[in-house]
Ligand SMILES: [Zn+2]
């Protein structure tokens, strides 16, 4: 902006054109910020467990907002627009109080760094230095250890109210009985949270986004559905916002799409699995998977609601939820029915566990794990367009069957 103002002063002939440009750049649009993002080129740790320093090299000075989160202990650094071009392997190092860190897009135009900390801590310093003497601009954060009580006291006074907001709220509208049923597809993970990764580096967030786009196109081509995706690009979205997204659009069906990873038995575990919300996990594998998928918010530095709020909400929504659960199971069985016999299933059983993303009390919701990124053949399928087309075709049939049953007068 400083640069633009200088031009205006020097060459009055530019005023009109620039004024137009500036006018078209407001109100704020993410694309406007993307034109000149600061570049984060490298990061490193210094110090010891008495004082641990996080340093990131930036192409220019940026405004940052830093705050702490507990359970687990994390430092969150938010900036308006940073493009991360870090060397591979950055973020895995451990030093002093810091056990790992990661970075990426948290929402359009909003970048985030999440630093994992081993115990209660205080952010002693957080600042950005101007570039000078051939040194890049630098983000510096100093952490010092403290006791749990002090940590919690500081947490309360410093937590920003809007820390988890990634998008402006959407007005809720009343459903139109003649409108096409709304189907919401939810590609898991995104941005700062890559999800599972295959040994060769294929990321779950990319596979599930590509698949969801194909599925959306196929569903729309039937002319029978209005289809929305919770994310259309490499952006992170907290789990409860995915749920809210479906509710606010009056979704009649919600399908969360993922790809699994099972390093203990890479040659054995393969194929798709259908999961439903369940208070008690159906088996250990389902329980472990739900824990892994629910961890998405922790990875991205989202503050989780406290448990007492959730318990209360669960009692209130229980009655609606039972009916929704029945519908979810019908949809789940419909997917299994389409995939069975095509060599695409890990198990015919519908599995259940406490997936946060399936918790809309009023929207039938299913989570589909497309396959295992840890299995070499599954990995080939997951990145193959012809396979994605066939798999998406089966899911379209499953959705058709679900709504056909509904039309046939089934009580759901
Ligand atoms: Zn996942």
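On full extension, the segment bounded by residue 221 and residue 200 gains 4.2 nm, given 0.36 nm per residue less the C-alpha separation.
Cβ crowding within 10 Å, taken as a proxy for footprinting-reagent exposure, orders 391, 86 from fewest neighbours to most as 86, 391.
In terms of surrounding Cβ atoms within a 10 Å radius of their Cβ, 334, 384, 256 rank from fewest to most as 384, 334, 256. If R0 equals 45 Å, the separation of the Cβ atoms of residue 288 and residue 39 corresponds to a calculated FRET efficiency of about 0.75.
Mean silhouette area of the stretch 182-407, derived from the convex hull of its C-alpha atoms and averaged over all directions, reads 11.6 nm². Directionally averaged projected area (the stretch 33-158, Cα convex hull): 7.8 nm². Counting beta carbons within 10 Å around each of 103, 275 and listing the fewest first gives the order 103, 275.
FYI, it's all coordinate maths here, none of it is from the lab. Remember, predicted model here, so these are calculated numbers, not experimental data. Cβ atoms come from the backbone with ideal geometry, glycine included; neighbour counts cover every protein chain shown.
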